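So the structure is just underneath, and the comments pick up after that.
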Amino acid sequence: MVKRGLSAVYKPVDDLPIPGCLVRVDHDALLQPGGADFEISEVGTTIEALFSEVGTPKRGSAFEVDGEVYRVERVQDNNRIFVKVVVNED
């Protein structure tokens, strides 16, 4: 299930929270495991946000969306317009 255009509070590990970030949450995203060079995928949750609003999130940073907290595990993609991170729900 993909939810688009949601308002979130981004909570970086080493800075002040940033309210009002627009994000896209995908609960059924196909993930490539970090460091894998072969065709393995799993289903997980990703959050996509504007790079201009959040930069490159570090592991342990969090997004709070509709009362749910999503902790950043790793960056999956970053084209410096959008950044997509793999997250776990707290």
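Counting only strands (runs of 3 or more DSSP E) that sit completely within the chain, those holding 3 or more residues that are among the basic types (Lys, Arg) correspond to 2-11. Selection of region 38-67 for residues being closer than 14 Å to Lys11 by Cβ and surrounded by 15 or more Cβ atoms within 10 Å (Cβ to Cβ) yields Ile47, Ala49, Val54, Gly55, Pro57, Ser61, Ala62, Phe63, Glu64, Val65.
Readers should treat all values here as calculations from the given coordinates under stated rules, not as data from a laboratory. What you see is a predicted model; the values in this text were computed from it and never measured. All Cβ positions, even for glycine, are placed from backbone atoms using ideal geometry, and neighbour counts span all protein chains on display.
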